[in-house]
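J.: Let me give you the structure first, and then I'll get to my questions.
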Amino acid sequence: MADRLLEAVTAGVRHVDLGRQLRVGMPQSPNHPQFWHTLPRRHGDMVRADGGSAANDMITTGTHVGTHIDALAHVSQDGRLHGDADATDSCIGGKYVEHGVHTIAPMVCRGVLLDVPATLGVERLDGGYEITVADLDATVARQGVAIEPGDVVLIRSGWSQLFEQGQPYVGGPSGVPGVSEAGATWLAERRIHAAGADTIAFERLAPGKGHGLLPAHRVLLVESGIYIIEALDLEQLAAEAIHEFTFVLVPLNIFGATGSPVRPLAVVSA
């Protein structure tokens, strides 16, 4: 029997890279260790008898820097993880055996882009702007897409246009746009598999408040078991008005970790 997926790939597909390049000094949440990359050995440091040489690398990084996914072990509420798991007991030998990133299966599923700035007629949402349920409903209606159970929903705010500027992307005094508790509840009610955004913390950060309160993380990770993907690059999808696509994401299989850097792809017919 012919494999329909292989037939589709053979007929021609292309991808849009939704991940940010990992670079030393890139903007990130101040709550997490930074990404660092160095070359312990460069070409010429050691040369084989035949003239050949090899270089090698070393990286150290937090698991929540760059484009990354939050495992369900990342956030607790009143000492409990998703499914009422005890947050203390779930950490065994310094590893989150229950709900660690190693429990996230590779994703090959339907992806939906919700381009909120396009709905509101702006290039980029203002810092601290809350993406409301009305905004989400209006975007779904304008794009003519239906969100189905098991989808991965990516919410564009346009804030990633500031990524190369560094600190302005982090927000700080300006705040960062995104959904809050009401928007997260709207997503959870649709029983999606994962939610993502083009911002540093997925959800709205109030001006000057930093990461002090993150109610959307509680709603999605703890109460609903929905993964969160942060620091996505959604500009090309928006520019091409690609609102539905095959979404591909594979976390690093790090046992007991609370998150993982990822390089997600949106795959469409060529």
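A short reminder: the numbers here are calculations on the coordinates, not readings from a lab. Because the structure is a prediction, the values reported are computed rather than measured. Note that we place each Cβ from the backbone using ideal geometry, even for glycine, and neighbour counts take in every protein chain shown.
J.: HN-Hα J couplings of the range 145-152 from phi, Karplus 6.51/-1.76/1.60, θ = phi - 60°, integer Hz, Gly and Pro as x?
T.: After applying 6.51 cos²θ - 1.76 cosθ + 1.60, I find 10, 10, 8, 10, x, x, 5, 9 Hz.
J.: Could you go through the range 22-36 in sequence order and give the Karplus-derived ³J(HN,Hα) for each residue, using 6.51 cos²θ - 1.76 cosθ + 1.60 with θ = phi - 60°, rounded to whole Hz, and x for Gly and Pro?
T.: Those phi angles translate into 7, 9, 4, x, 5, x, 7, 5, x, 7, 10, x, 7, 7, 9 Hz.
J.: Once you have a ≥ b ≥ c as the square roots of the Cα gyration tensor eigenvalues for the range 1-94, tell me rounded if a/c is under 1.5, and otherwise prolate or oblate according to whether a/b is larger than b/c.
T.: Working: a/c = 2.26, a/b = 1.21, b/c = 1.86.
It is oblate, given that a/c is not under 1.5 and a/b is not larger than b/c.
J.: For Gly259, which sequence-distant residues (separation of 5 or more, or a different chain) have an amide H within less than 5 Å of its own amide H, given hydrogens modelled in the peptide plane?
T.: When sequence neighbours closer than 5 places are left aside, the close amide H contacts are Ala71, Val101.
J.: Given the Cα-Cα distance of Asp86 and His43 and 0.36 nm per residue of separation, how much length would full extension add, in nm?
T.: Values: separation 43, 0.36 × 43 = 15.48 nm, distance 4.97 nm.
Contour length minus the Cα-Cα distance gives 10.5 nm.
J.: Count the net charge of all other residues whose Cβ sits under 10 Å from the Cβ of Ile155, scoring Lys and Arg as +1 and Asp and Glu as -1.
T.: -3
J.: Using only the Cα atoms of the range 212-262, build the gyration tensor, take square roots of its eigenvalues as a ≥ b ≥ c, and label the shape rounded, prolate or oblate: rounded if a/c is under 1.5, else prolate if a/b is larger than b/c, else oblate. Please list the in-between numbers first.
T.: Values: a/c = 2.20, a/b = 1.43, b/c = 1.53.
It comes out oblate by the Cα gyration axes.
J.: Taking the Cα centre of the range 9-69 as origin, work out the dipole magnitude from +1 charges on Lys and Arg Cβ and -1 charges on Asp and Glu Cβ, in debye rounded to 20. Could you put the intermediate results ahead of the total?
T.: Details: 6 positive and 4 negative charges, 20 e Å.
Here the size comes out at about 100 debye.
J.: Let me ask something additional. Can you give the helix-only mean residue ellipticity at 222 nm for the chain, where every DSSP H stretch with n ≥ 4 adds -39500 (n - 2.57) and the sum goes over all residues, rounded to the nearest 500 deg cm²/dmol? If you can, show how the numbers build up before the last one.
T.: Numbers: 6 runs with 42 residues, N = 270.
Taken over the chain, the calculation gives -4000 deg cm²/dmol.
J.: What is the distance in Å between the Cα centres of the range 151-216 and the range 114-135?
T.: Between the Cα centre of the range 151-216 and that of the range 114-135, the gap is 11 Å.
J.: Is the shape of the chain rounded, prolate or oblate, going by the alpha carbon gyration tensor and its root eigenvalues a ≥ b ≥ c, with a/c under 1.5 for rounded and a/b larger than b/c for prolate? Walk me through the numbers before you get to the answer.
T.: Details: a/c = 1.41, a/b = 1.23, b/c = 1.14.
Judged from the Cα gyration tensor, the chain comes out rounded (a/c under 1.5).
J.: On a full-extension model of 0.36 nm per residue, what is the gain between Ala239 and Thr132, subtracting their alpha-carbon distance, rounded to one decimal in nm?
T.: Numbers: separation 107, 0.36 × 107 = 38.52 nm, distance 2.27 nm.
Gain in length upon complete extension: 36.3 nm.
J.: In terms of modelled amide H atoms, which long-range or inter-chain residues lie less than 5 Å from the amide H of Ile131?
T.: Gly178, Val179, Ser180
J.: Quick one: Karplus J couplings for the range 113-129, per residue in order, coefficients 6.51, -1.76, 1.60, θ = phi - 60°, nearest Hz, x for Gly and Pro?
T.: Rounded to whole hertz, the list is 9, 10, 8, 5, x, 5, 5, 8, x, 10, 6, 8, 6, 6, x, x, 5.
J.: Using amide H atoms built in the peptide plane, which far-off residues or other-chain residues are under 5 Å from Phe35 H to H?
T.: Gly25, Gly62
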